[in-house]
């Protein structure tokens, strides 16, 4: 796993600023001691200020790295089910074909990989820390699952419009943050619920046939889907509890099972 330069610079800046504030507070203690002899002593005021700065530092660290408690919970859940767990792992280069994991200017960090076989189902589930593109954007955490496909497909994203997209333009149009363009479909119901971004719009039309669109519309809970290279991805918009990881894998299996066979003939593996 590689930490983004943006993450390292921001973390270093926060650390320097926090240490500077704390150091400056201790240096000024002699002056603070005589601030208010009738009310709150200056030394107590300084102590409260230091405690507040320490709390701010803790909150910053909490927002920047995943909870160690979550890692322990996922590790225990994986062991109980005979699966492997890795808190930190190097993202396979082939996964970079998936738009949200490999697009230029789109900063993500992947952690907490749970992998292995349960019966005939191959689990590859992990957490994603999403910083988004250029400029300040709140950090988002989500859980994703990936699975292989029997073809080599151009990049496609199927995203519910109800998801809060940090890269949505002022008029609601999809910003070209992954080098993809929005594909249009005749189904008004599908177009109202889902946005489809594709490297080749004709491929998206072939992939999302009537059968797959009906399956997506019938999902009780909305999720995002991606296809790129020889992989497909199903993503939640939040972190899943350890006991619910199989839910996202089951949905990904359903998505893969509804992909039309004609796509394989269009883009066969060499």
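Table for the structure above
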{"quantity": "Matching residues, the stretch 154-181, being part of a strand (DSSP E or B), at pLDDT below 90 and either in contact with a helix residue (DSSP H, G or I) (Cβ under 8 Å, 6 or more places away or on another chain) or crowded, with 17+ Cβ neighbours inside 10 Å (or both)", "calculated": "174, 181"}
{"quantity": "Test: residue 114 is surrounded by 14 or more Cβ atoms within 10 Å (Cβ to Cβ), at pLDDT 90 or above, within 20 Å of residue 233 (Cα to Cα) and touching a helix residue (DSSP H, G or I) at 6+ places or on another chain (Cβ under 9 Å)", "calculated": "yes"}
{"quantity": "Hey, residue 135 surrounded by fewer than 20 Cβ atoms within 10 Å (Cβ to Cβ) and at pLDDT 75 or above or not", "calculated": "no"}
{"quantity": "Test: residue in the stretch 225-243 that is farther than 16 Å from residue 128 by Cβ, free of Cβ contacts under 8 Å to residues at least 24 places away in the same chain, touching a strand residue (DSSP E or B) at 6+ places or on another chain (Cβ under 6 Å) and surrounded by fewer than 21 Cβ atoms within 10 Å (Cβ to Cβ)", "calculated": "no"}
{"quantity": "The one condition in (1) at pLDDT 90 or above; (2) in contact with a strand residue (DSSP E or B) (Cβ under 9 Å, 6 or more places away or on another chain) that residue 210 fails to fulfil", "calculated": "(2)"}
{"quantity": "In the stretch 252-264, residue surrounded by the most Cβ atoms within 10 Å (Cβ to Cβ) [restricted to those that are free of Cβ contacts under 8 Å to residues at least 40 places away in the same chain and in a helix (DSSP H, G or I)]", "calculated": "254"}
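The values are calculated or read from the model by the stated rules, or taken from the named source; none is laboratory data. On a predicted model such as this, the values are computed, not experimentally measured, just so you know. Methodologically, a virtual Cβ is constructed for each residue, glycine included, from the backbone with ideal geometry; neighbour enumeration extends over all protein chains shown.
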